[in-house]
1. Need one value: the accessible area of VAL119 in square angstrom, 1.4 angstrom probe, rounded to the nearest 10.
2. Using modelled amide H (1.01 Å from N, peptide plane; none on Pro or chain starts), what sits under 5 Å from the amide H of LEU31, excluding residues fewer than 5 places away?
3. In debye to the nearest 20, how big a dipole does the chain give about its Cα centre with +1 on each Lys and Arg Cβ and -1 on each Asp and Glu Cβ?
4. Keeping every protein chain in place, order ILE254, ILE146, ILE176 by accessible area at 1.4 Å, biggest value first, i.e. largest first.
5. Keeping the other protein chains in place, figure out the carbon and sulfur percent of the accessible area of the chain, with a 1.4 Å probe.
6. Could you give the accessible area per residue of the chain, probe 1.4 Å, as a whole number in Å²?
7. Give the residue from MET97, HIS70, LEU189 lying farthest towards the positive end of the charge dipole for the chain; charges sit on Cβ (+1 for Lys and Arg, -1 for Asp and Glu) and the dipole is referred to the Cα centre.
8. So what's the Cα pair-distance distribution over the range 54-192, bin width 5 Å, in %?
Amino acid sequence: MSQAPLQARSLTLANGRRVALLDNGQQGKPLLIALHGWLDNAASFLPLAPHLEGFHLICIDLPGHGHSDHKPTPYVFVDWLDDLHQIVQAAGWPPFMLLGHSLGALIACAYAGVFPDQVSRLILLEGLGPLSQPDDEVPDQLRRAILNRSRTRERAAAGFASVEEAVAARCKVADIGVDAARLICERQLVVREGRWHWRCDPRLRDLSPLRMSEGQARALIRAIRSPVLFIRGEQGFAALQTQWQQRAGAFRQIEMAVVAGNHHFHMDNSAQTAVCIESFCQIR
């Protein structure tokens, strides 16, 4: 592939917060907005970008991630939808195709239900709508979330001696290969006093205090009007197979593809992932 590297850009929201972007500069081509996963950043789409030259691809660093500003408030799921809406308004984007991986897929799916006129096609990688929980689990979820926030406030970050040490640490706690982890880490790290530290907001590790009921999640799914493509990795999150059986019928129009790879298959198996996306979007 001969495509030029993604260009670093940013935009400023009405509240003054800065959001960082990576843009392939292909104005005039179909607009594809990409949302990364939890504790990842826009660099997670770097391996995929050269294979998507038929799109105007814009990858967002979600608030608190990568080079985007941190938020003054906790990171609650429904607020990700407000964040994305503010970004869309600040950028002035017309209706677009929306691509999300993991947390980004959960956000994308819910956003397409809340603002169906803005999303022409929806591509979900390793995520199939908002996480849900039974009502009787709410007290325990709230208790664990509050205790977890206390631990986050008390946790001190020692940093890493090198990028490679950070990469190794990331690989220990995530289903991700070394090369993919390095791409994400290089954008996620900053040097302070001779040590490498995460740029991302430590509060991103807080547990969500509340999740939707399954009925609420399905209501959002039923509100989606665009065609949907769900892609999962052969060695990805096993729970997605059960979720597919439970939720597929709630979508108006959805198709599924399975590609070789783990939870970050779009980084390790980018060519096959791109073929699925281009075919679904009728680019080629």
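1. Probe radius 1.4 Å; accessible area of VAL119 about 10 Å².
2. Amide H to amide H, under 5 Å and 5 or more residues apart or across chains, LEU31 pairs with HIS56, MET97.
3. The calculation lands at about 400 debye.
4. Accessible-area ranking of ILE254, ILE146, ILE176, largest first: ILE146, ILE254, ILE176.
5. After summing per-atom areas, the C and S share lands at 52 percent.
6. That works out to 45 Å² for each residue.
7. Farthest towards the positive pole: HIS70.
8. Bin by bin from 0 Å, the calculated values are 2, 8, 13, 17, 19, 18, 13, 8, 3, 0.
The values are calculated or read from the model by the stated rules, or taken from the named source; none is laboratory data. These numbers were taken from a predicted model, which means no experiment stands behind them. Cβ coordinates were reconstructed from backbone atoms using ideal geometry, including for glycine residues, and neighbour counts include every protein chain displayed. For the accessible areas, the whole protein counts, side chains as well, though only heavy atoms, and no ligand, DNA or RNA atoms are used. Shrake-Rupley method; radii C 1.70, N 1.55, O 1.52, S 1.80 Å.
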